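Below you'll find the structure I mean.
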Amino acid sequence: MASENTGTGHGGTRPARVLISGASVAGPALAYWLHRYGFHVTVVERAPALRPGGQAIDVRGPALDVAARMGVLDEIRDHATDLRGMSVLDESGTEVFRSTEVTASGGRLDRGDVEILRDDLSQILVRAGGPGIEYLFDDSIAALDDGPDEIRVRFASGRERAFDLVVGADGVHSHTRRLAFGPDSGRLRPMTGHLGVWTAPNVLDLDRWQILYRLQHGPAWGGLVMSVRKNAEMRVYVGVDGEDPFDPALRDPEAQKRMIAARYADVGWEMPRLLNYMWDAPDFHCDVGLQVHLDSWSRGRVVLLGDAGYCGSPASGQGTSMAMVGAHVLAGQLKAAGGDHRAAFAAYERELRPWVTANQALAERHIAQGPPDQGVSSEGDWYDDAPGPDGRTFYEVVDDFTVRAY
Ligand SMILES: Cc1cc2nc3c(=O)[nH]c(=O)nc-3n(C[C@H](O)[C@H](O)[C@H](O)COP(=O)(O)OP(=O)(O)OC[C@H]3O[C@@H](n4cnc5c(N)ncnc54)[C@H](O)[C@@H]3O)c2cc1C
């Protein structure tokens, strides 16, 4: 049972009302903690239900600690991709590298980190929050009116409500960010080209295995395929370089599919068969690999969390861990500040920003390093074990955050 929190700008007579935009990873994780601390929490999600799809994402280092404190670590482990290893194939489909120590998507297999499908994690986090959290699906914030005592919200559905705080956890293209901070120009940094992801049946009979089919030239860099959900399905990822990262036409899923199909028209191995499943996949998702950089993560009564505030791009491998740790810190600081949201937002940023900055920098390191067959030294060491430009290894950066109690 959540204890009542009487903070944040309402004379201490009722629980503070927090609206969170976005129900993927950051939003439900924050909702869990705020509800537990006695806040009144509403989550608005644009999609009609929790969204399916997305690649396998990683819960690492301090994010495992947060998951344990939420009581969901065992459930997360039960849903892990649990891969045994990977193969890299060249253009002709010949295996040129094989490892049972690392995968391209999950990194080292011996660390106890969890690789899990984004949609599975999202469902676990929502369930953990329990029935006391209000979820509004198929709606979104249309306008914000930030006043001295509360923030008034008009939703796309037309309803209007007042809250004490609004949290943008609505991803790299956050609408909340644009409403509160103004246009995005200069804040989004392209890191990789377009990445498309969808589900297919396990027609390759992969047994907890990942295959990276690597092309050396041209805009299509190949495909990454892995068996998931106890080998019942595969997730297929493809990448396309060279398109305009900010082309609004390429935000439309049907246009994205046509672009991928055109770029992969002459690609060999099993790719034609895997591409056939793209057209009708209910969970097709495609986006450019972007980072978000802001001087400040809050404006008035609005604060940003996860990809909305500090997306690291898929190349960082740390987007989900940053979202889960960020949710724990933001909720904790709101609790600790006893109603002073300005103090809470400043403390959230002070505590989290150094770790976030170091994790965002990992994306450049991964891009320079290349896939696992490139990222192994002549001694056979995985490059993530080698110090980067700041003298620290990938995992030293990942683990360099202590989750504290508030
Ligand atoms: C369908 C999907 C597929 C993804 N696939 C990958 C992938 O393949 N590789 C990868 O590295 N990362 C992927 N991501 C991003 C990854 O989930 C995040 O990097 C990370 O987990 C941090 O999560 P987040 O909650 O901050 O943001 P996200 O996971 O991006 O979640 C944002 C949520 O906000 C919702 N939303 C967006 N706009 C609005 C709005 N205006 N109003 C209300 N709700 C809104 C979205 O529907 C989504 O549920 C994907 C995200 C989604 C939603």
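Derivation of every value follows stated rules applied to the coordinates shown; laboratory data play no part. Being a predicted model, the structure only gives us computed values, none of them experimental. Every residue, glycine among them, receives a Cβ derived from its backbone with ideal geometry; neighbour counts consider all protein chains shown.
Hey, in the GNM for the chain with a 10 angstrom Cα cutoff, which one of V303, V203, V25 fluctuates hardest?
Of the options given, V203 has the highest mean-square fluctuation.
Let me ask something additional. I'd like to know which of T100, L117, V41 lies farthest towards the positive end of the charge dipole of the chain, counting +1 on Cβ of Lys and Arg and -1 on Cβ of Asp and Glu.
Farthest along the dipole direction, towards plus: V41.
Still on this structure, please answer the following. Starting with the fewest neighbours, write out V96, V59 ranked by other beta-carbon atoms found within 10 Å of each beta-carbon.
V96, V59
Here's a follow-up. Within a Cβ distance under 10 Å of A26, other residues only, what is the Lys/Arg minus Asp/Glu net charge?
Value of the local net charge: -2.
D for region 191-290, whole µm²/s, Stokes-Einstein with Kirkwood Rh over alpha-carbon pairs at 10 °C and 1.306 mPa s: what number?
116 µm²/s
Now for a separate question. Among A232, A323, A315, which one moves the most in a GNM of the chain with springs linking Cα atoms closer than 10 Å?
Among A232, A323, A315, the largest GNM mean-square fluctuation belongs to A232.
Could you line up C286, C311 from fewest to most neighbouring Cβ atoms inside 10 Å?
If I rank by nearby Cβ atoms, fewest first, I get C286, C311.
Still on this structure, I have one more. Just want the ordering: S105, S157, from fewest to most Cβ atoms lying within 10 Å of their own Cβ. Before the final figure, lay out each step's value.
Numbers: S105 22, S157 12.
The order, fewest Cβ neighbours first, is S157, S105.
Suppose a student asked you for the relative contact order of region 191-290, using Cα pairs under 8 Å spaced at least 6 residues apart; what percent would you report?
40 percent
I'd like the distance between the alpha-carbon centres of region 185-248 and region 258-273, rounded to an integer number of Å.
12 Å
Here's something else I'd like to know. Suppose a student asked you for the relative contact order of region 145-211, using Cα pairs under 8 Å spaced at least 6 residues apart; what percent would you report?
Relative contact order for region 145-211 comes out at 14 percent.
Just to confirm my numbers, what's the Cα centroid distance between region 113-135 and region 312-387 in Å?
First find each Cα centre; the distance between them is then 20 Å.
OK, next. Give me the Kirkwood hydrodynamic radius of the chain, using the inverse of the mean 1/r over all pairs of distinct Cα atoms, in Å to one decimal. If you can, show how the numbers build up before the last one.
Working: mean 1/r = 0.0459 Å⁻¹.
When all Cα pairs of the chain are included, the Kirkwood radius is 21.8 Å.
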